[in-house]
Amino acid sequence: MGARACSLSPGIIDTPQGRQEASTHASMQRLIDATPLGRTGRSEDVASVVAFMLSDEAGFLNGIDILVDGGVFAAVRGD
């Protein structure tokens, strides 16, 4: 059986490092404000997607990058 290759790109996730970055980079708050879901991500948000990607239910998933960013990439892409 062949290998599958997928990646995950998180948005702004509420972690100690993420909070430290946000405190020193004003652009981070602008991204949070532009996030359609109106909040930062949680580690559980990322973990749930990773669990799905590794599950049998995602057995046909291959060659894709999944954005776990609350929709911010789509929102700012149009700017």
The range 12-79: which chymotrypsin sites (Phe, Trp or Tyr not before Pro) are DSSP loop and have at most 14 other beta-carbon atoms within 10 angstrom?
60
Checking the a/c ratio against 1.5 first, then a/b against b/c, what shape does the Cα gyration tensor give for the range 2-44?
prolate
Under 5 Å from the placed amide H of residue 8, counting only residues 5+ away or on other chains, we find 66
Convex hull per residue volume in Å³, alpha carbons only, for the chain
105 Å³
Tell me what the chain gives for mean residue ellipticity at 222 nm when only DSSP H runs of n ≥ 4 count, each as -39,500 (n - 2.57), the sum divided by the residue total, rounded to 500 deg cm²/dmol.
-13000 deg cm²/dmol
Amide H proximity to residue 13 below 5 Å, modelled H, separation 5+ or other chain, gives 41
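If you rank 44, 21, 57 by how much accessible surface each has, with a 1.4 Å probe, what is the order from largest down?
Largest to smallest exposure gives the sequence 57, 44, 21.
Probe of 1.4 angstrom, ligands and nucleic acids ignored: what's the accessible area per residue over the chain, in square angstrom? Mind showing how you got there, number by number?
Working: 5690 Å² over 79 residues.
That works out to 72 Å² for each residue.
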Students often check this: by mean Cβ neighbours within 10 Å, which of 13-19, 66-72 ranks highest, and how do the rest follow?
66-72, 13-19
The chain, accessible surface, carbon-and-sulfur percent (1.4 angstrom probe)
57 percent
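The values are calculated or read from the model by the stated rules, or taken from the named source; none is laboratory data. Here the structure is a predicted model, which is why all the values come from computation and not from measurement. All Cβ positions, even for glycine, are placed from backbone atoms using ideal geometry, and neighbour counts span all protein chains on display. Please note that ligands, DNA and RNA were not included when accessible areas were found on the heavy atoms of the full protein model with its side chains. Shrake-Rupley method; radii C 1.70, N 1.55, O 1.52, S 1.80 Å.
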